[in-house]
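K.L.:
The structure's right below; bear with me while I get my questions together.
No lab work stands behind these numbers, since they all come straight from the coordinates. Since the model is a prediction, treat every value here as computed from it, not as a measurement. Methodologically, a virtual Cβ is constructed for each residue, glycine included, from the backbone with ideal geometry; neighbour enumeration extends over all protein chains shown.
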Amino acid sequence: MIDVSKVANLAENALYCGRWVALLISKHISRIHEPARARLAEQDIFLDEQLNHQQHLQEELGIAQDQVDAAYGFIQWCDRLSWILC
């Protein structure tokens, strides 16, 4: 179970770093917490809001879904590589 208020605060604060960063952080939050959907109504509402937030940011930035997926995939690859190297 997640502390929705803490994760929501993280997603909101990401906007101070820029819309692109906020989009990727929101996507990461969704990816991590989506498997827990249907366990808590508050969490489901939050996850739905994140999906809407991602769509809104993507439209504002004028980028395609495949570009977002590629950037997120690259971040995941870098994360895995850092674990291997460390």
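K.L.:
For the chain, which DSSP H helices look membrane-span-like by this rule: Cα extent along the axis of 24 Å or more and mean Kyte-Doolittle of at least -0.5?
P.N.:
Sorted by number, the helices that extend far enough and score high enough are 65-85.
K.L.:
Also: Calculated from the structure, semi-axes √(5λ) of the Cα gyration tensor in Å equals which of (1) 22, 14, 13; (2) 33, 14, 9; (3) 21, 18, 12?
P.N.:
Working out semi-axes √(5λ) of the Cα gyration tensor in Å from the coordinates points to (3).
K.L.:
For the pair ILE84 and GLU34, how long in nm is the line joining their label points, each one 7 Å along Cα→Cβ?
P.N.:
2.4 nm
K.L.:
Here is a follow-up. Take the Cα of ILE75, step 7 Å along the line toward its Cβ, and report every residue of segment 1-34 whose backbone nitrogen sits under 14 Å from that point.
P.N.:
Flagged as within label range: 10-33.
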